[in-house]
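These notes are about the structure you will find just below.
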Amino acid sequence: MSDTLYTLAAPCQHSEDIKKSRFLAQAAPVQTPEQALAFIRDVGDAAATHNCWAYRIGQDYRFNDDGEPGGTAGRPILQAIEGQGIDRAVVVVTRWYGGIKLGAGGLVRAYGGTAAECLRRAERLPIVAMARLALRCDFAELALLKARLRELDADITREDFGADGVDMEIQLPEPRAAEAQARVTDISRGRHEARRLD
């Protein structure tokens, strides 16, 4: 498996009927645990037998079996997320019980399998590592510097105008950080340089 992680391009869903129980997996991209928990609240069906879920956002993750036997629902959903190299995503699998018990192994396969198939069908976007830089420039160089940084997909996250120049913080894809640092030095003719904030 490659080191590239992916997130979902948009919310998606997939349903399966397994031994008369209906399983509906719903997944969405999220940036924070609060967004994940809000999605879980929004899509969970109070009339369903169980609303089991998991999310992963970087090193932050949680899962919940919602009344199913421990380890048979939430953890398999989380494993489906991790197994496909997905990050910054939440998955809720809702079950409407159909009268036939699946057993622990059957539940693991049903919850994990429905979540995995939902994620397999989802459109994905690669997650690009970002770098943060702080820099200073003179007013005369500001327009040129901004144009050159835009070429590197840089976003200005802070801009403070002082009496003798501008202090900025930018965020850009990690592979372009060194080139941005070189451009700041070149444009300022060595008077200023960009320093890493991360």
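Numbers for the structure displayed
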| item | result |
| --- | --- |
| Size of charge dipole - the chain - debye, nearest 20, with Cβ of Lys, Arg +1 and Asp, Glu -1, no other charges | 700 |
| CD proxy at 222 nm, helix term only [per DSSP H run n ≥ 4: -39500 (n - 2.57); per residue of the chain; nearest 500] | -9500 deg cm²/dmol |
| Relative contact order computed over region 106-176 (Cα-Cα under 8 Å; 6+ residues apart), in percent | 36 |
| Distance in nm between pseudo-label sites at R120 and A134 (7 Å out along the Cβ direction from Cα) | 4.9 |
| Whole-angstrom Cα spans of region 67-122 along principal axes, big to small | 33, 20, 16 |
| Positive-end extreme of charge dipole, region 123-198 - chosen from V128, T157, A182 (charges on Cβ) | A182 |
| Over 24 Å [Cα-Cα, region 46-187], rounded percent | 52 |
| For F139, solvent-accessible area (1.4 Å; no DNA, RNA or ligand), Å² | 100 |
| Highest-fluctuation residue, C52, C137, C118 considered, GNM on the chain with Cα pairs under 10 Å | C137 |
| Diffusion coefficient, µm² s⁻¹, Stokes-Einstein with Kirkwood Rh over alpha-carbon pairs of region 1-74 at 10 °C and 1.306 mPa s | 115 |
| Per DSSP, loop trypsin sites (Lys or Arg not before Pro) in region 52-119 with at most 15 further Cβ within 10 Å | K101 |
| Using a Förster distance of 30 Å, the FRET efficiency for D42-K19 (Cβ separation, nearest 0.05) | 0.60 |
| For region 57-102 and region 113-140, distance of Cα centres in Å | 23 |
| At R0 = 25 Å, FRET efficiency that the Cβ-Cβ distance of T32 and E193 yields, to 0.05 | 0.15 |
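The values are calculated or read from the model by the stated rules, or taken from the named source; none is laboratory data. Note that the structure is a prediction, hence the values are computed from the model and not measured. Counting neighbours? That spans all protein chains shown, and the Cβs are built from the backbone with ideal geometry, glycine included. We work out accessible area using only protein heavy atoms, side chains counted, and drop any ligands, DNA or RNA first. Shrake-Rupley method; radii C 1.70, N 1.55, O 1.52, S 1.80 Å.
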